[in-house]
Every structure is written in C-alpha cells, then in structure tokens.
Amino acid sequence: VAVTVLPKNNRESARAPSLDLLQSLIGDDLKRVNHVILDHMSSRVALIPELASHIIAAGGKRLRPMLTLASAKLCGYAGIRHIPLAASVEFIHTATLLHDDVVDGSDLRRGNSTANVVWGNPASVLVGDFLFSRAFQLMVEDGSIEVLRILANASAVIAEGEVHQLITVSDMATTEETYLEVIAAKTGALFAAACRIGAVVAERPVVEAEALERFGANLGMAFQLTDDALDYTAPGSHRGKNVGDDFRDGKITLPVVLAYQRGSETERRFWQRTLERMEQAPGDLEEARSLLDRHGTIRATVERARDYGAIAHEALRRFPEGPVQEALSEAVEYAIERTL
Ligand code: IPE
Ligand code: IPE
Ligand code: MG
Ligand code: MG
C-alpha cells in the first residue's frame, strides 16, 4: 500500500518563496519604471544605448526598484515621484554591475556575455559612469535634497565597499567582521536607500523612514550572504552568472573565512595556495567545495542570512499588516531560500 506522507505545512511547502506577490502588487508601476529607464538611456552616441540596452534588456530581477515602489506603497503614497526615483535606483545598480564586472573580470551576467567581454573594459566603465550620471539627473529632476542626500550617500558607500573588498582579495587574514562591513557597504547600502526613499516621498515620519532603511539594509545583507553561498553551490549558471567566480578571483567571502578558521593546518595551506598565492589547478574548486561542506560553512552562511532576515522582518512590523507588508516579508524569505 502506497502511503502518501503529507508535509506538515501544506501551504508553505506548496510554493517556494518568490517575488511574484511583490511583482503582482507593483507590476504596473514597474512597467512605468522600465519606460523611464528606456527613455533615459538614449544618447546620440550610439554605443551608449547599445551597451546599456545589452545589460538592461537582459532583465535582472529589478529587485531594488521594486523595493522603492513597494516601500512607497507601504507608506500609503499616492503620487508618481517614486517611478523616476525607482528608475534612478536601478540605474545606480546597473552602473555598479558594469563596473563590478570589469573589476571582477566576469564574463557572464544576466545569462549573457558581460559588456566588458563584448565591448571591452573602457566602454563598460564609461557607460557605467553615464548611467550613474543619469541616475543623478533623475534625482535632480525630482528636486528633493533629502532623496539626493540618501542616494548620493549610498553611491559613495557602494564605491567604498567595492574598494574595501578589493584590498581584502587574497588576504586570508580577512575577518568575518571585515567581510560583513564590505557587504553592508557594497550591497546593503543600496537596498537600504531604495527602501528609505519610499518613506521620504510619502512624507512619513523619520522613524518610519528609519524602519524601512533598516529593513532594506538587513534584506541586502541576507541577499549578499546567500549570493556568496550560491557562488559555490548554484548549479551551473543558475543565476545567469558563473559559479566559482569568487574562488577564481581570490574573494574572501564568509564560507571561506569560516572554513579557514575551522580548518586543519593542511587545509589552511590549501587556502593559502589557492586564494592567497592564487596558484589554482584543475580540481581545486571541487576541493574547496568539499572543505566548505566538511565544516558546514555554507549552512553557517545561510544561517547568518537568516539572522539578518529576522531583523528585516522585525522592521516591517512597524507597518500596517496587509498584502504589501506580506509581499516584502516574502521577499526576505526569497533572498534567503533561493539557495535551497
Ligand atoms: C547582483 O544583484 C549583485 C549582488 C548584490 C549580488 P542582483 O542579483 O539583484 O542582480 P540582477 O539585477 O537581478 O541581475
Ligand atoms: C556585486 O558584487 C556588485 C555590487 C554589489 C556593487 P559581487 O561581485 O559580489 O556580485 P556579482 O556576483 O558580480 O553579481
Ligand atoms: Mg562581481
Ligand atoms: Mg564584485
């Protein structure tokens, strides 16, 4: 007799957390954001829209602009200022990706060849600068010095985070604390700003702006921690980018920091050879994976993501219950669970 064992919680197990709910709530606004994006990447210099549309049309989750739209909605905003500002947020994100792929020497992004592979590093850097500038033009058109302050600060912090990360490359002395500082800057800052400006356009009290900022910052931490775990575990080019890039680049991410701390003398010599001296041979990535597995550091990294996720959920409690709050909650779970 075949026995069907029903999962304890049918509702939860029926569907993996996704961005679908968020998408369905702010989908119309997001279409408008995409129009603003397309309108603002035009230029008489054909290479600009050519290169920009290569990365922008390839998709991307549009998670950060969705956060701006949803945050504004959560705050009861009924105007239209959040549309160009969400586009501005995505322009900043796209600019950092163009620059980041040059810095990381990546060749796959959003399932396509990176712009640096197709057009070279100089064009990628310069079009990245163009998109950054477009972002600031959109903010100036909006006219809020407060929004400008938030996104200008975030942009400076992101750049700082990327430079900070650059000097930790191949440095096995990198601590968990330093790693967390780096990701808070390079990823947390834009998530935080994207959310905060939703409260600012809605003219909500500072405590609410701060709660949304805290929500975004912690969601961003969870997102990047998971991403760094996935860089070792994702099947193939699952996320539209290559697996194993961090190892090949000598990036000291949390799975490695923990494995190094927990490793034997022999294991530490392996990490020193492969990541510090960058002497990598075929089979080393597989060996690295098995060391991470032995010390449970992928699991520990995802646990850390959950800790940040819990703070993000907590920050949402200040806001009225309802579909938008629920969708933002699910975005936190999505950020963490996309590993599993
Ligand atoms: C990539 O961000 C950079 C990280 C913070 C890991 P996303 O994973 O949000 O990239 P897209 O926009 O969906 O391509
Ligand atoms: C993404 O960082 C760039 C920023 C957050 C500024 P990573 O280098 O870790 O992300 P991927 O793997 O290229 O998307
Ligand atoms: Mg990168
Ligand atoms: Mg990088």
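The values are calculated or read from the model by the stated rules, or taken from the named source; none is laboratory data. Fair warning: this is a prediction, and the values are worked out from it, not measured in the lab. Cβ sites come from the backbone with ideal geometry, for glycine too, and all protein chains shown count toward neighbours. SASA here: full protein model, heavy atoms, side chains in, ligands and nucleic acids out. Shrake-Rupley method; radii C 1.70, N 1.55, O 1.52, S 1.80 Å.
Looking for something open to solvent by 40 Å² or more (accessible area, probe 1.4 Å) and either within 30 Å of VAL45 (Cα to Cα) or hydrophobic (A, V, I, L, M, F, W, C) (or both) - is there at least one such residue anywhere in segment 196-205? No: segment 196-205 contains no residue that is open to solvent by 40 Å² or more (accessible area, probe 1.4 Å) and either within 30 Å of VAL45 (Cα to Cα) or hydrophobic (A, V, I, L, M, F, W, C) (or both). Can you find even one residue in segment 90-97 that is more than 16 Å from ligand 4 (Cβ to nearest atom) and either in contact with a Phe, Trp or Tyr (Cβ under 9 Å, 6 or more places away or on another chain) or assigned to a helix (DSSP H, G or I) (or both)? Checked segment 90-97: at least one residue is more than 16 Å from ligand 4 (Cβ to nearest atom) and either in contact with a Phe, Trp or Tyr (Cβ under 9 Å, 6 or more places away or on another chain) or assigned to a helix (DSSP H, G or I) (or both). Taken over segment 166-208, the criterion of being among the small types (Gly, Ala, Ser) and on the phi > 0 side of the Ramachandran plot is satisfied by SER170 alone. Counting only residues that are at pLDDT below 95 and away from ligand 3 (no atom under 16 Å from the Cβ), which one in segment 206-241 is most open to solvent (accessible area, probe 1.4 Å)? Among residues in segment 206-241 that are at pLDDT below 95 and away from ligand 3 (no atom under 16 Å from the Cβ), the one most open to solvent (accessible area, probe 1.4 Å) is PRO235. Can you find a residue that is in contact with a Ser or Thr (Cβ under 7 Å, 6 or more places away or on another chain) and crowded, with 24+ Cβ neighbours inside 10 Å anywhere in segment 168-177? Scanning segment 168-177 turns up no residue that is in contact with a Ser or Thr (Cβ under 7 Å, 6 or more places away or on another chain) and crowded, with 24+ Cβ neighbours inside 10 Å. Against the test of being under 19 Å from LEU98 (Cα atoms), in a helix (DSSP H, G or I), open to solvent by less than 20 Å² (accessible area, probe 1.4 Å) and polar (S, T, N, Q), the options SER155, SER133 yield a single qualifying residue, SER155.
Only one residue in HIS54, HIS99 is within 16 Å of ligand 3 (Cβ to nearest atom), open to solvent by 20 Å² or more (accessible area, probe 1.4 Å) and either under 19 Å from ASN121 (Cβ atoms) or touching a helix residue (DSSP H, G or I) at 6+ places or on another chain (Cβ under 6 Å) (or both). Which one? The match here is HIS99. Only one of the numbered conditions (1) farther than 24 Å from ARG239 by Cα; (2) over 20 Å from the mean Cα position of the chain (by Cα) is not met by TRP119, and that is (1).
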